[in-house]
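Chemist: Got a structure here, written out as structure tokens. Questions coming.
The values are calculated or read from the model by the stated rules, or taken from the named source; none is laboratory data. These numbers come from a predicted model, not from an experiment. Quick reminder, even Gly has a Cβ in these numbers, built from the backbone with ideal geometry, and neighbours come from all protein chains shown.
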Amino acid sequence: MQQLINRSEIPPDYFTFVCPETGFRMQSLHKQELFSMIAAHYKSNNLILPVDWQAKVEDRICQGLPPGWCKFVDPNDTSIQVGCTTTKVKVIKGVESLVHLLWDVLLGKDIYVDQAEADSRAEICSKCQFNVPVDGCMGCSGMARFTALVAKVKGSRTSKWDTALQNCCKCGCRNEAIVHIKKDILITGQTDADMLQYPVWCWKRSSSVEEAKNNLSL
């Protein structure tokens, strides 16, 4: 589920909600005012709001917003709400491990997912709190090397969310690269514990490696 990040700006299309039961469209400059409008609309139409309706409305609003407005949350697991950092050594090592996959490409193997799946993965990563910048400066030469390695891995492939993609502090991977790589390749060598480090909304997470291999698409 997604949650709005507290910001002073008003969303591009305001705070908007369409009642699924009646089709009535409500819009406001303020989130709390929208909630009041929704509650009044449901009451006047003798409709019952679910207990968690505000969270569901917020999630619906977030689905139509660009990067930077929302984040994923799991109300049932507060432990994963704690952020993390990643170092330049970790991200460079992660990208270098992906460069070795290019040998498979030369052998005629297809290591990449299609554009639709890459875009879906990228959107998830862009709204994840574990999508973070490198902790510390890489320096000009380090950044140039890093950029070149990323370009080698993904080639000319892009996603709709590239400008919002940074690094996954859970696996140390560069998100703009890994969103294009097939999941069975990415999880090679990972243990069940490795898989469980990812939050519930992550497309890389599964309860076990075997489950991950049986559910390779989003």
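Chemist: Looking at segment 20-43, can you tell me whether even one residue there is of a type in the set (F, W, Y) and either touching a residue at least 40 places away in the same chain (Cβ under 8 Å) or in the same structural domain as C202 (by TED's automatic domain parsing) (or both)?
Modeler: no
Chemist: Of everything in segment 4-58 that's under 23 Å from the mean Cα position of the chain (by Cα) and among the small types (G, A, S), which residue is surrounded by the most Cβ atoms within 10 Å (Cβ to Cβ)?
Modeler: Across segment 4-58, the extreme among qualifying residues is A55.
Chemist: Among the residues of segment 119-137 satisfying the criterion of being of a type in the set (A, V, I, L, M) and more than 11 Å from the chain's Cα centre (by Cα), which is surrounded by the fewest Cβ atoms within 10 Å (Cβ to Cβ)? Steps first, answer last, please.
Modeler: So the first thing to find is which residues in segment 119-137 are of a type in the set (A, V, I, L, M), and the list is 122, 124, 132, 134.
Now drop any that are not more than 11 Å from the chain's Cα centre (by Cα), which leaves 132, 134.
Details: V132: 18, V134: 22.
Taking the candidates together, the pick is V132.
Chemist: Condition first: in contact (Cβ under 8 Å) with a residue 24 or more places away in the chain and of a type in the set (G, A, S). Now tell me which residues in segment 151-196 satisfy that. Don't jump to the end; show me each part of the working.
Modeler: We begin by selecting, within segment 151-196, every residue in contact (Cβ under 8 Å) with a residue 24 or more places away in the chain; these are 152-154, 157, 159-185, 187.
Across segment 151-196, the qualifying residues are S159, A164, G172, A177.
Chemist: Something else now. Out of the residues in segment 1-53 that are of a type in the set (V, I, T) and in a loop (DSSP other than H, G, I, E, B), state the one that is farthest from E123 (Cα to Cα).
Modeler: Narrowing segment 1-53 to residues of a type in the set (V, I, T): 5, 10, 16, 18, 22, 38, 48, 51.
Narrowing further to those that are in a loop (DSSP other than H, G, I, E, B): 5, 10, 22, 48, 51.
Numbers: I5: 16, I10: 21, T22: 30, I48: 32, V51: 28 Å.
Once the filter is applied, the top-ranked residue is I48.
Chemist: Do any residues in segment 118-134 that are assigned by TED's automatic domain parsing to the domain that holds A164 have Cβ atoms under 6 Å from those of residues that are assigned to a helix (DSSP H, G or I) and small (G, A, S), where the two are at least six apart or on different chains, and which pairs are they?
Modeler: From residues that are assigned by TED's automatic domain parsing to the domain that holds A164, the pairs are S126/A164.
Chemist: Is it the case, given these coordinates, that R121 is among the charged types (D, E, K, R), modelled with pLDDT of 85 or more and touching a Leu at 6+ places or on another chain (Cβ under 9 Å)?
Modeler: yes
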